[in-house]
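A short write-up of the structure that comes next.
The values are calculated or read from the model by the stated rules, or taken from the named source; none is laboratory data. Keep in mind it's a predicted model, so treat the numbers as computed, not measured. With ideal geometry, Cβ positions are generated from the backbone for all residues, glycine too; neighbour counts draw on all protein chains shown. The area values use the complete protein model at the heavy-atom level, side chains included, leaving out ligands, DNA and RNA. Shrake-Rupley method; radii C 1.70, N 1.55, O 1.52, S 1.80 Å.
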Amino acid sequence: MAFFSPARAEHMASRIYDDVHAHLMLLMTQRTQQAWSCSSFALAVNETTAYSGGNTSKVTEFLLVCFPEVQGWYLVVPLMLCLVVALVCNVALLIVICAEPRLHHPMYYFLAMLSFTDILLCTVATPKTVAILVYEVKTITTTACFTQMFFINLWSSMESSIFLVMAYDRYVAICCPLHYPSVVTNKLVLKAIVFIVARNFVVMLPLPLISASLDYCSSLIPHCFCETMSVEKLACGSSSVGRIYNLVLFCIVGGSDLVFTILSYSAILRTVVKARSCTAAFKAFRICSSHLILICFFYCTIGTTIASSQTLSGIPRHIHVLLALLHHLVPPVFNPIIYGVMTKEIREATKRFLLKVKVHS
């Protein structure tokens, strides 16, 4: 009976209660730890997702860091001067070609196309650069940035294509002079315009689309405008697709245009050498000299810009940016001046136009 005494029973009940309570507390602790682990994992996933994929929605505008190393006012005057000269000279050349009936020929139509493209090329990025230097307007929305990127590449590639078409015009004029009126016609000019616009629009359109599809971890663009490589370097992940497409695009557009232009002038040189005539050589030089100088200006500025940004890493950053800006200004400035000075027909047409304006005034 001592075994079933009330004290003994109470002691056993207390021990059972303590064991059950300890067991329940252990289970609750384990469940709490599991719940904490799950919530911590979910929080980590959310933070990772917000960092890697959420930045696209957060980066709604970019900040163009143009020339922080130098005083911007030192560059405003040269940039504005180049812009004004480019606009005035190209607009004047367009007016002379349109107003002078003697210049309504395919050769001068191509030149008018070049002047129109130069006007678009020098105004797509330079005004924004001047606003950054003068008014400190450094922000640009992502939509405006990708749009600017598209048109910068479009006008540059169109200029390269126009040089190719002009090289073909020179080739026919020198190597096949008797067939020139029947080969280089207004119909050919229209086909060339459609080819230049359609090809370059199609191949350049994926560039801003690829850039817009990337996730960006930074909004600071170390440039005065939305240059493709400078923007894609801000991406969080790999931008190998954009780099590969840029390389393919450079080979297809710039490389093919340059190769065919060289082939055209090689055929011209071979024809001149076979002729063994000083008159033929002088005629070829008179026809091709201005075009050759423009091609040298255009491709030298492109080559210098690419070399400075890819291989010459020791050059200061603001030199890279300045060279890229010069590519948008140097060809538009010199193209109408060189053609106006070295082409006799344009000089005479300009004199007649100025005389008409003076007489009417």
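What about Ala212, is it open to solvent by less than 20 Å² (accessible area, probe 1.4 Å) and touching a residue at least 12 places away in the same chain (Cβ under 8 Å)? Considered against the rule, which asks whether it is open to solvent by less than 20 Å² (accessible area, probe 1.4 Å) and touching a residue at least 12 places away in the same chain (Cβ under 8 Å), Ala212 comes out as no.
Of everything in region 345-361, what is more than 39 Å from the chain's Cα centre (by Cα) and either modelled with pLDDT of 85 or more or in a helix (DSSP H, G or I) (or both)? Give them in sequence order.
Quick first cut of region 345-361, residues more than 39 Å from the chain's Cα centre (by Cα) only: 352, 355-361.
Result: Arg352, Leu355, Lys356, Val357, Lys358, Val359, His360.
Looking only at residues in region 326-344 that are of a type in the set (A, V, I, L, M, F, W, C) and at pLDDT 85 or above, which one is nearest to Cys122 (Cα to Cα)? The extreme case among them is Leu329. Could you please let me know if Phe201 is touching a residue at least 40 places away in the same chain (Cβ under 8 Å), closer than 20 Å to Gly254 by Cβ, surrounded by 15 or more Cβ atoms within 10 Å (Cβ to Cβ) and aromatic (Phe, Trp, Tyr)? In short, no.
Just to be sure I understand, how many residues within region 315-361 are among the small types (Gly, Ala, Ser), closer than 22 Å to Leu64 by Cα and open to solvent by 20 Å² or more (accessible area, probe 1.4 Å)?
0
Tally up the residues in region 225-275 that are among the aromatic types (Phe, Trp, Tyr) and at pLDDT below 85, please. Counting residues in region 225-275 that are among the aromatic types (Phe, Trp, Tyr) and at pLDDT below 85 gives 1. Restricting attention to region 87-139, and to residues there that are of a type in the set (Asp, Glu) and crowded, with 18+ Cβ neighbours inside 10 Å, which single residue is nearest to Val183 (Cα to Cα)? Only one residue fits best here, namely Glu100.
For the structure I just gave you, tell me whether Leu207 is buried (at least 20 other Cβ atoms within 10 Å of the Cβ), touching a residue at least 40 places away in the same chain (Cβ under 8 Å) and of a type outside the set (Phe, Trp, Tyr). Answer is yes for this residue. The conditions of being modelled with pLDDT of 90 or more, open to solvent by less than 20 Å² (accessible area, probe 1.4 Å) and assigned to a helix (DSSP H, G or I) are not met by Ser182. Of the numbered criteria (1) crowded, with 17+ Cβ neighbours inside 10 Å; (2) more than 20 Å from Cys82 (Cβ to Cβ), the one Phe298 fails is (2).
Okay, residues lined up against (1) under 14 Å from the mean Cα position of the chain (by Cα); (2) open to solvent by 30 Å² or more (accessible area, probe 1.4 Å):
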| site | (1), (2) |
| --- | --- |
| Ala173 | no, no |
| Leu220 | no, yes |
| Cys224 | yes, no |
| Gly255 | no, no |
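Search region 140-171 for residues being surrounded by 18 or more Cβ atoms within 10 Å (Cβ to Cβ) and in contact with a strand residue (DSSP E or B) (Cβ under 9 Å, 6 or more places away or on another chain), and hand back the single one that is nearest to Ser256 (Cα to Cα). Ranking the candidates gives Gln148 first. Residues in region 93-128 that are in contact with a Phe, Trp or Tyr (Cβ under 8 Å, 6 or more places away or on another chain) and not in a helix (DSSP H, G or I): 3 in all.
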